[in-house]
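The block underneath contains the structure these notes are about, expressed in structure tokens.
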Amino acid sequence: MIKWIFFDLGSTLIDETDCIEYRISETLKQAGAPSKEDFYKQMEYFASVNMLPYKDTVKKFGLEKVRWSKELEKLYHESREVLKTLYGRYKLGIIANQSAGTEERLVSLGIREYFDVIISSAEEGVSKPDKRIFELAFQRAGCTAAEACMVGDRLDNDIVPAAELGMSTVWVRQGWFGMGNSDLARFKPDHTVNNISKVTDIFRSIMEIQ
């Protein structure tokens with residue numbers, strides 16, 4: 001029986017579109033940078049084979065990575081309603097690779113109240129896909145892997161390690177990592193949706209089964 005739902009943040013609850021577009025535009029200002037079209041095509045290829053769209057593209061073209069602009073992050077329009085719907089029916093938590101200050105950012109985004117457990121890589125000193133970050137979440141939540149579901153946009157960081165531990169999984173195909181290929185992953189997600197708003201439909205179905 002699912003008792004806990006753990007969410008990733010970037011490109012799952014948080015819309016990173018503006019951050020990524022800014023990062024790419026700044027990257028393309030470097031000497032020797034390809035055309036915008038060629039850069040995006042390369043990113044699309046790497047995404048489709050479950051590689052790292054931005055980082056591997058920068059490496060291929062011999063460019064320097066541009067810093068991530070967190071100030072451009074915003075909630076997906078549907079995220080708050082999803083959390084509001086699930087809150088009280090399930091316990092909710094965060095398992096995310098984030099820089100320091102995750103809880104404060106959740107407060108500023110207006111969604112801190114929905115989460116009973118917040119596990120962030122910067123604060124814990126361990127990052128996904130390392131299974132220890134998931135096990136730490138189980139410990140804090142007082143649940144087992146079988147009682148938990150992981151919702152995220154990345155096959156490599158969210159779906160595969162969670163499935164290996166015995167969690168249920170929901171792949172949200174948003175952002176660049178949502179362009180991945182689940183057939184190439186060691187574990188396929190239990191459920192796949194194209195928008196965070198569809199997550200509530202999955203858990204309504206699970207509640208009916210339970």
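The values are calculated or read from the model by the stated rules, or taken from the named source; none is laboratory data. Here the structure is a predicted model, which is why all the values come from computation and not from measurement. Every residue, glycine among them, receives a Cβ derived from its backbone with ideal geometry; neighbour counts consider all protein chains shown. Remember, those area values only see protein heavy atoms, side chains included, never the ligands or the DNA or RNA. Shrake-Rupley method; radii C 1.70, N 1.55, O 1.52, S 1.80 Å.
Numerical summary
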item	result
Structure-based [θ]222 nm, the chain - -39500 (n - 2.57) summed over DSSP H runs of at least 4, per residue, nearest 500	-10500 deg cm²/dmol
Förster-model FRET efficiency, 22 Å R0, Asp38 and Lys65, C-beta, rounded to 0.05	0.80
Values of log10 I(q)/I(0), in the order q = 0.14, 0.18, 0.25, 0.26 Å⁻¹, for segment 19-96 under a Debye, Cα-only, solvent-free model	-0.62, -0.81, -1.14, -1.19
Out-of-range pairs (alpha-carbon distance over 22 Å; input Lys36/Lys65; Lys91/Lys198; Lys29/Lys60; Lys29/Lys74; Lys3/Lys70; Lys29/Lys55)	Lys29/Lys74; Lys3/Lys70
Test item: Cα-centred dipole of the chain, Lys/Arg +1 and Asp/Glu -1 on Cβ, debye	140 debye
The chain: antiparallel DSSP beta bridges as a percent of all, rounded to 5	10 percent
Where only alpha carbons of the chain are counted, the Rg and the Dmax (Å)	17.2, 58
Total charge dipole magnitude, segment 1-63, about the Cα centre, Cβ charges on Lys, Arg, Asp, Glu only, Debye to nearest 20	260 debye
Rel. contact order, % - alpha carbon contacts under 8 angstrom, at least six apart, the chain	26 percent
Whole-percent pair-distance distribution, where bins are 10 Å wide, for the alpha carbons of segment 85-192	14, 46, 35, 4
Dipole axis of segment 24-100 (+1 Lys, Arg; -1 Asp, Glu on Cβ), positive-most option in Leu83, Gly62, Met43	Leu83
Spatially proximal aspartates and glutamates relative to Lys59 (Cα-Cα < 19 Å; intrachain offsets below 8 disregarded)	Glu21, Glu26, Glu37, Asp38, Glu44
Point-to-point label distance, Ser182-Ser25, nm (Cα→Cβ direction, 7 Å offset)	3.4 nm
Stretch gain in nm, segment Ser197-Gln139, where the contour uses 0.36 nm per residue and the Cα spacing is subtracted	18.0 nm
Whole-Å distance, taken between Cα centres, linking segment 5-63 and segment 117-176	23 Å
Whole-percent carbon and sulfur share, accessible surface of the chain, 1.4 Å	48 percent
